[in-house]
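Q: What follows is a structure written as structure tokens; I'll ask about it next.
Every read-out reported here was derived from the displayed coordinates using simple, explicitly stated rules and does not represent laboratory data. Note that the coordinates shown come from a computational prediction; the quantities given were computed from them, not determined experimentally. As a convention, Cβ positions derive from the backbone with ideal geometry for all residues, glycine included, and neighbour counts pool all protein chains shown.
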Amino acid sequence: MIKSDKWYIRERAEALAVLYLTRRKDITVSARETDDGVDLIVSLLSNGKSTGKIFGVKLTATDSSKHLKKELGRLDENFRGHLLSHIRDVPFPVCLLFFAVDSDVGYYAWMIEPVSPRNGEAPRLRVHQRCAFRELTNDSIDEIIAAVHGWYGARMRVKKEIASPVLT
């Protein structure tokens with residue numbers, strides 16, 4: 001959650017997150033009022049219907065883009081302690097979105113990243129220890145959604161293999 005004396009920072013950050021994410025027509029975004037550190041839940045859709053695939057969003061923001069580099073550095077320093085401790089046990093991917101609300105510029109970093117299997121590995125969630133911020137763009141949103149879809153798809157394949165073993 002964003003804590004600030006400036007009430008509009010929280011509202012603008014949430015509005016910007018919804019605006020950025022809903023540029024895609026295959027997701028819905030809902031606010032969440034829980035103490036697990038996840039501010040928004042993004043649900044992936046197929047043909048307008050829920051797929052059960054979700055990921056979380058943690059929001060943070062600054063009121064001035066003049067302090068952008070300082071704020072990004074502060075977030076990286078606080079990542080392992082305060083920020084990460086709240087979401088470590090969340091059982092789905094979580095992305096940190098950071099906005100400068102005076103310019104609407106957005107950045108993202110994975111907190112809990114979906115990792116699709118390679119070379120026989122099982123799909124897993126990687127808890128990051130540092131912020132690796134990238135600019136939030138339409139292309140990066142596509143990459144986020146693709147990573148989440150890939151992770152859930154890999155999980156379903158593993159479940160099917162376990163449920164129906166091949167007899168030889």
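Q: Among W7, W151, which comes first, second and so on when ranked by fewest other beta-carbon atoms within 10 Å? Before the final figure, lay out the partial values.
A: Numbers: W7 8, W151 22.
Final ranking by Cβ density, sparse to dense: W7, W151.
Q: Ok, one more. Ranked by Cβ crowding within 10 angstrom, fewest neighbours first, how are V148, V42, V127 ordered? Walk me through the numbers before you get to the answer.
A: Numbers: V148 22, V42 25, V127 16.
With the sparsest Cβ surroundings first, the list reads V127, V148, V42.
Q: Then there is this: Mind checking the full-extension length gain between E135 and T51? Use 0.36 nm per residue of separation minus the Cα-Cα distance, one decimal, nm.
A: Working: separation 84, 0.36 × 84 = 30.24 nm, distance 2.74 nm.
Gain on stretching E135 to T51: 27.5 nm.
Q: Excluding residues fewer than 8 places away in the same chain, name every one of the aspartates and glutamates whose C-alpha is closer than 14 Å to that of K49.
A: Straight-line reach from K49, under 14 Å: D26.
Q: Over all directions, what mean area does the Cα convex hull of region 7-163 project, stated in square nanometres?
A: On the way: hull surface 40.0 nm².
Mean projected area of the Cα convex hull: 10.0 nm².
Q: Here is a further query. Longer than 24 Å from Cα to Cα, which of K6/K66; K6/K58; K25/K69 are they? Say none if no pair is. All intermediate terms of the calculation are to be shown ahead of the outcome.
A: Working: K6/K66 17 Å; K6/K58 19 Å; K25/K69 32 Å.
Where the Cα-Cα span goes over 24 Å, the pairs concerned are K25/K69.
Q: Taking only Cα atoms of region 100-157, what ratio of Rg to Rh do you get with Rh as the Kirkwood inverse-distance radius?
A: On the way: Rg = 13.6 Å, Rh = 12.7 Å.
The Rg/Rh ratio comes out at 1.07.
Q: Taking only Cα atoms of region 9-66, what ratio of Rg to Rh do you get with Rh as the Kirkwood inverse-distance radius?
A: With Rg and the Kirkwood Rh in hand, the quotient comes to 1.02.
Q: Could you work out the local net charge near S116, counting Lys and Arg as +1, Asp and Glu as -1, over the other residues with Cβ closer than 12 Å to its Cβ? Kindly include the intermediate steps, with their values, before the conclusion.
A: Details: positive: R118, R124, R126, R155, R157; negative: E113, E121.
Neighbourhood net charge equals +3.
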